[in-house]
Amino acid sequence: MKEPLRAVALIAPAGIALAFAGAARADDAADYDRVMKKNGAAIVSIKLVMKMKFGGEEHEGEWEISGLIIDPKGLILCSNDDLNPAAGIRRQRGSGGKDFSTVATDLKVLVGDDNEGVEAKIESMDSELDLAWVRIKEPKRTYDYVDFTKCSEARPGQRILVIHRLEKFYDRQAVISEGRVAAILSKPRHLLAMSGGVNGSGFPLFALDGSVVGFAVLQRPDDEDEEGGGSQEMCTILPAAEVVKATRLAAETVKGDSPGREGEKESASPSKKDAAKTDAAGADKSKVDGRSKKRTKD
């Protein structure tokens, strides 16, 4: 009798562990399903023609980047580095990047299973925060969107889910990646560092209840801030509350300026002085989560 009892004693903990593992997998599946159903329709692809100039030579090619609809009328948030890569290079290399320029033209937004796209224009760009705003020119309906004013504040160790779209070869399927908040940064500004399978820029991040946490951005030090000769650029998360502030500032800039040539108009970056003005104006009542650029042959 001793041996069977011993076998039962050994098997029982293993059975309990498997039961817990099964429950955890079911919870994970429910989390993924909840976040995707609530936010997946707002994740879009943007087709464009990128014109590049460097060293007297000119090139152009078809690109595709990821974006996120952030209002029902078709305002889309994306990475400035994806939309205007030359701006980041110029900030980082100073005079060494002055001969490199990029202009994105012929923008079309692909919503859902639409493979043709609707025409869009660049509304504003911010190379310091790595944010850009694109607007659908003639909205044909109201769009599903992610409301950054209804957000979650992140904490270190928190599980975070990312939604982005695959390339055309995979039918631009929306997929989820997972990571955790590794740290909360205070310099060069309020940012979140991530760990796990989260890397890149131009996509939103969500808490498990589906509320937005922030937007993935690429941070590059200015030429004079570089130390040690190595690259210090890093993909980080701009918290949702900061995205709300930047979007409001960009909207004010668009209202105050006459439109420039598509792809060349860049908003005044929210410098330290601008940020101080924003903070002094009072706390925001709102509290405030693509993939990196992909070339396509559409």
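The values are calculated or read from the model by the stated rules, or taken from the named source; none is laboratory data. Worth saying up front: this structure is predicted, and the values here are computed from it rather than measured. Cβ: placed from backbone, ideal geometry, glycine included. Neighbour counts: every protein chain shown.
Entry remark, segment 181-199: residues being of a type in the set (K, R) and either touching a Phe, Trp or Tyr at 6+ places or on another chain (Cβ under 8 Å) or surrounded by 16 or more Cβ atoms within 10 Å (Cβ to Cβ) (or both) number 1 in total. For segment 128-150, residues that are surrounded by fewer than 16 Cβ atoms within 10 Å (Cβ to Cβ) and part of a strand (DSSP E or B) total 1.
The set of residues from segment 201-225 being surrounded by fewer than 22 Cβ atoms within 10 Å (Cβ to Cβ), modelled with pLDDT of 95 or more and in contact with a strand residue (DSSP E or B) (Cβ under 7 Å, 6 or more places away or on another chain) comprises A207, L208, S211. The requirement of being at pLDDT 95 or above, farther than 22 Å from L218 by Cβ and more than 20 Å from the chain's Cα centre (by Cα) is fulfilled nowhere in segment 128-135; no residue meets it. The set of residues from segment 106-127 being over 21 Å from A216 (Cα atoms) and in a loop (DSSP other than H, G, I, E, B) comprises G112, D113, D114, N115, E116, G117.
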